[in-house]
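Enquirer: Attaching a single structure in structure tokens format; questions to follow.
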Amino acid sequence: MSSEREEELGVNTRVVHAGERLSAPAGRPVAPPIYATTTFTYDTVGEMDEVFAGTREGYVYTRHGNPTVHALEEAVRALEGGAGACAYASGMAAMHAALLACELSPGSTVLASQDLYGATSSLLKNVFGPFGVKTEQADFTNTDELAARVRQLRPRVLIAETISNPLLKVCDIEACARAAREAGARLVIDNTFASPFLCRPISMGADFVMHSATKYLGGHGDATGGIIVARDARDTPALVSAMKLAGGILGVWDAHELLRGIKTLALRLERQCANAFELAERLAAHPRIARVHHPLLRAGAQRELAGRVLRSPHGGALVTVELRDATREAAFRFMDALSLCVRSTSLGDVFTGVLHPATASHRDLAPEQRHALGITEGTIRISVGVEDAGDIIRDIERSLEA
């Protein structure tokens, strides 16, 4: 706006428009800017029309896309080696979008891992179930059983986790992908517990990879988000459509925090994985612990599979323990006695967080369902942070004595 034009305007108009819509600077920022805007304008309506039509690159409305969010999408797409990616307000919004992109319809069957995250199971049952989508479960660690179930059910979708929650079983993604291809099904892998640092499921045959970016991608407990990466570019429009129409868009501030967190993903995971293995080995010999779950402590096929699926020599940054006194009271006493480790309902943060699955992640499952999965009242999941390993171990051992 010219200075002559400014003088013609009243003070109310000037306070609204002064300093707005300046030309872009000549230099490029070294960090992605935060585009805190709901809409984008153009010199002509014709240009805006072309962007709406998709014949011209650009942005018109943040529900349809935003440069800050797109930077995050591109970062995760590149890390996972996919053809396209779309970010959402949470991991559950992302999982919902992935299932929509699989074109589920009345009569479709989803074959889900029996060890699936509780909220994902509830999504399938409570959101897709009423629309005629049937969900069946199978033990995805038994590849022969899985293949037989796929041949029997001819599902539209197979869904599993790279590392299961909370018992940390590693999924044979390549075997799942072979079974899915034979049935003409789509394979959705939740890679949250592994992150692209430890595993890239698309390279193993997955069609969609989901992340709760709230966890390891962000890593600092200060941003919520989810993202889906597609192996085939033809699936990207369906993911974008789910974002635009369902409206579960990721805010630009969270996108910026998550993108910044990704910059230290490798550094954080290296230390967290090392700390987790040291803790797992130590607790395996503790008299108050009945069992320790960690991919590298398992013998036989699961140990070999962990070495094949996860980046060697790591086994992930989570440790799950079974208290010898497998009661809720004992679990609560242990968690309440912690002074360094945080009682947290999430995971993947720089600090060590401890969770009771029976009253948190798998609360909505009936007790007999939890028991069938091997989740007891004495099951404790530990998300190991980047602190000194000795400090983590001391805090947990002192609390076990309580």
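Enquirer: Quick one: which of 266, 246, 274, 175 is in contact with a Phe, Trp or Tyr (Cβ under 6 Å, 6 or more places away or on another chain) and surrounded by fewer than 20 Cβ atoms within 10 Å (Cβ to Cβ)?
Expert: Working: 246 fails: in contact with a Phe, Trp or Tyr (Cβ under 6 Å, 6 or more places away or on another chain); 274 fails: in contact with a Phe, Trp or Tyr (Cβ under 6 Å, 6 or more places away or on another chain); 175 fails: in contact with a Phe, Trp or Tyr (Cβ under 6 Å, 6 or more places away or on another chain).
Sole residue among the options that is in contact with a Phe, Trp or Tyr (Cβ under 6 Å, 6 or more places away or on another chain) and surrounded by fewer than 20 Cβ atoms within 10 Å (Cβ to Cβ): 266.
Enquirer: Something else about it: Would you confirm whether any residue within the range 315-327 is in contact with a strand residue (DSSP E or B) (Cβ under 7 Å, 6 or more places away or on another chain), among the basic types (Lys, Arg) and surrounded by 21 or more Cβ atoms within 10 Å (Cβ to Cβ)?
Expert: Scanning the range 315-327 turns up no residue that is in contact with a strand residue (DSSP E or B) (Cβ under 7 Å, 6 or more places away or on another chain), among the basic types (Lys, Arg) and surrounded by 21 or more Cβ atoms within 10 Å (Cβ to Cβ).
Enquirer: Give, as residue ranges, the strands (runs of 3 or more DSSP E) completely inside the range 100-218 that count at least 2 residues that are in contact with a helix residue (DSSP H, G or I) (Cβ under 8 Å, 6 or more places away or on another chain) and in contact (Cβ under 8 Å) with a residue 60 or more places away in the chain.
Expert: 186-190, 208-212
Enquirer: Restricting attention to strands (runs of 3 or more DSSP E) lying wholly within the range 293-402, give those where 2 or more residues are under 20 Å from residue 141 (Cα atoms).
Expert: 318-323
Enquirer: Out of all the residues in the range 44-82, which are of a type in the set (Gly, Ala, Ser) and closer than 20 Å to residue 194 by Cβ?
Expert: Across the range 44-82, the qualifying residues are 75, 78, 81, 82.
Enquirer: Looking for whichever is farther than 20 Å from residue 63 by Cβ, assigned by TED's automatic domain parsing to the domain that holds residue 200 and not small (Gly, Ala, Ser) here; the options are 271, 234. Which one fits?
Expert: 234
Enquirer: Also, quick follow-up: Does the range 49-70 include one or more residues that are among the β-branched types (Val, Ile, Thr), without any contact (Cβ under 8 Å) to a residue 40 or more places away in the chain, farther than 27 Å from residue 311 by Cβ and part of a helix (DSSP H, G or I)?
Expert: yes
Enquirer: Of these, 369, 302, which one is of a type in the set (S, T, N, Q), closer than 27 Å to residue 226 by Cβ and over 22 Å from the mean Cα position of the chain (by Cα)? Outline the logic, then answer.
Expert: On the way: 302 fails: closer than 27 Å to residue 226 by Cβ.
Exactly one residue qualifies, and that residue is 369.
Enquirer: Sticking with this structure for a sec: Can you tell me how many residues in the range 92-110 are under 17 Å from residue 245 (Cα atoms) and either not assigned by TED's automatic domain parsing to the domain that holds residue 230 or not acidic (Asp, Glu) (or both)?
Expert: To start, the set of residues in the range 92-110 that are under 17 Å from residue 245 (Cα atoms) comprises 92-104.
Pick out the ones that are also either not assigned by TED's automatic domain parsing to the domain that holds residue 230 or not acidic (Asp, Glu) (or both) and you get 92-102, 104.
The total comes to 12.
Enquirer: May I ask you to verify whether residue 266 is touching a Ser or Thr at 6+ places or on another chain (Cβ under 6 Å) and either in contact (Cβ under 8 Å) with a residue 60 or more places away in the chain or assigned to a helix (DSSP H, G or I) (or both)?
Expert: no
Enquirer: Additional query: Would you confirm whether or not the range 219-235 contains a residue that is part of a strand (DSSP E or B) and closer than 16 Å to residue 173 by Cα?
Expert: Narrowing the range 219-235 to residues part of a strand (DSSP E or B): 226-230.
Filter again for closer than 16 Å to residue 173 by Cα, leaving 229-230.
Taking every residue of the range 219-235 in turn, at least one turns out to be part of a strand (DSSP E or B) and closer than 16 Å to residue 173 by Cα.
Enquirer: With respect to residue 311, determine if the residue is closer than 21 Å to residue 217 by Cα, surrounded by 14 or more Cβ atoms within 10 Å (Cβ to Cβ), in contact (Cβ under 8 Å) with a residue 60 or more places away in the chain and charged (D, E, K, R).
Expert: For residue 311, the condition - closer than 21 Å to residue 217 by Cα, surrounded by 14 or more Cβ atoms within 10 Å (Cβ to Cβ), in contact (Cβ under 8 Å) with a residue 60 or more places away in the chain and charged (D, E, K, R) - is met.
Enquirer: Please give the number of the condition residue 32 fails out of (1) crowded, with 18+ Cβ neighbours inside 10 Å; (2) in the same structural domain as residue 193 (by TED's automatic domain parsing).
Expert: Unmet for residue 32, out of (1) crowded, with 18+ Cβ neighbours inside 10 Å; (2) in the same structural domain as residue 193 (by TED's automatic domain parsing): (2).
Enquirer: Taking residue 19 as meeting all but one of (1) without any contact (Cβ under 8 Å) to a residue 40 or more places away in the chain; (2) surrounded by 11 or more Cβ atoms within 10 Å (Cβ to Cβ); (3) not in a helix (DSSP H, G or I), write down the number of the exception.
Expert: (2)
Enquirer: In the set 203, 195, which member is at pLDDT 95 or above, among the hydroxyl-bearing types (Ser, Thr, Tyr), buried (at least 24 other Cβ atoms within 10 Å of the Cβ) and in the same structural domain as residue 97 (by TED's automatic domain parsing)?
Expert: Details: 203 fails: buried (at least 24 other Cβ atoms within 10 Å of the Cβ).
Just one listed residue meets the conditions, 195.
Enquirer: In addition: Which of (1) at pLDDT below 95; (2) among the polar types (S, T, N, Q); (3) touching a Pro at 6+ places or on another chain (Cβ under 8 Å) is the odd one out, the single condition residue 345 does not satisfy?
Expert: (3)
The values are calculated or read from the model by the stated rules, or taken from the named source; none is laboratory data. None of these values were measured; they are calculated from a predicted model. Positions of Cβ are backbone-derived with ideal geometry, glycine not excepted, and every protein chain shown enters the neighbour counts.
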